[in-house]
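Here is the structure we will look at.
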Amino acid sequence: MAPGRGPLLLLTLSLGLASAQKTLEEVPVQPGFDAQKVEGRWLTIRLATSDTLLVSPEDPLRLALHSIRTWNRDLEFVLFWTGKGVCKGLNVTVHPTGPHGQYQGFFEGGGRMFVRFVSTDYSSLILYVRFEDGGEVTSLWALLARRVLGDPKWLGRYQGYVREFQLQEAQVFNMDAQCPPPAAYARASS
């Protein structure tokens, strides 16, 4: 994987389609979506993807969504990228497009990223992220919540999308607001 693309492709892993790939228009958007209300800390409860190679448990790189911020009309995803001996903060900004709850961003190399807030009560959230790069499309769906013990009705909704879009469940990774000190990596790798 190209170094510039790695963190952004891994973004799709923190936030959840191959044989049943749908068009972006077929993915619902939350009616009356209010971006200000999604601001703050989120935990990834479940994650599913269209590309099982991107979610291999053997992959040493992990990207964790920490929070979402608003900047005027834009949204910023606050992430932490970790691996063997490495931890780095990463912020990704997306801009509103189309209906409320739909955003788009670009990454190095010319690829595009689309984000749709599928459904939310602002305590739980189903998020769709689609990457388009050089003719390849990778989609992920994430069930996010403000606290670990999420609402079971949201899990049911999320699982419905996983079945409908024929997704593969992925490993979930959450992280606190900062990278551990470098000495922690030295101890972990010793």
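Please treat every number below as a calculation from the coordinates, not as lab data. Keep in mind that this is a model prediction, so the values were computed, not measured. Note that we place each Cβ from the backbone using ideal geometry, even for glycine, and neighbour counts take in every protein chain shown.
So which residues in region 68-102 are over 15 Å from the mean Cα position of the chain (by Cα) and within 29 Å of P28 (Cα to Cα)?
Hits for region 68-102 are T70, W71, N72, R73, D74, H95, P96, T97, G98, P99, H100.
What are the residues in region 83-103 that are under 25 Å from F173 (Cβ atoms) and either in a strand (DSSP E or B) or of a type in the set (A, V, I, L, M, F, W, C) (or both), if any?
The answer is G83, V86, C87, K88, G89, L90, N91, V92, T93, V94, Y103.
Take the residues in region 103-140 that are farther than 14 Å from E25 by Cα and hydroxyl-bearing (S, T, Y); name whichever of them is nearest to the chain's Cα centre (by Cα).
Only one residue tops the list, namely T138.
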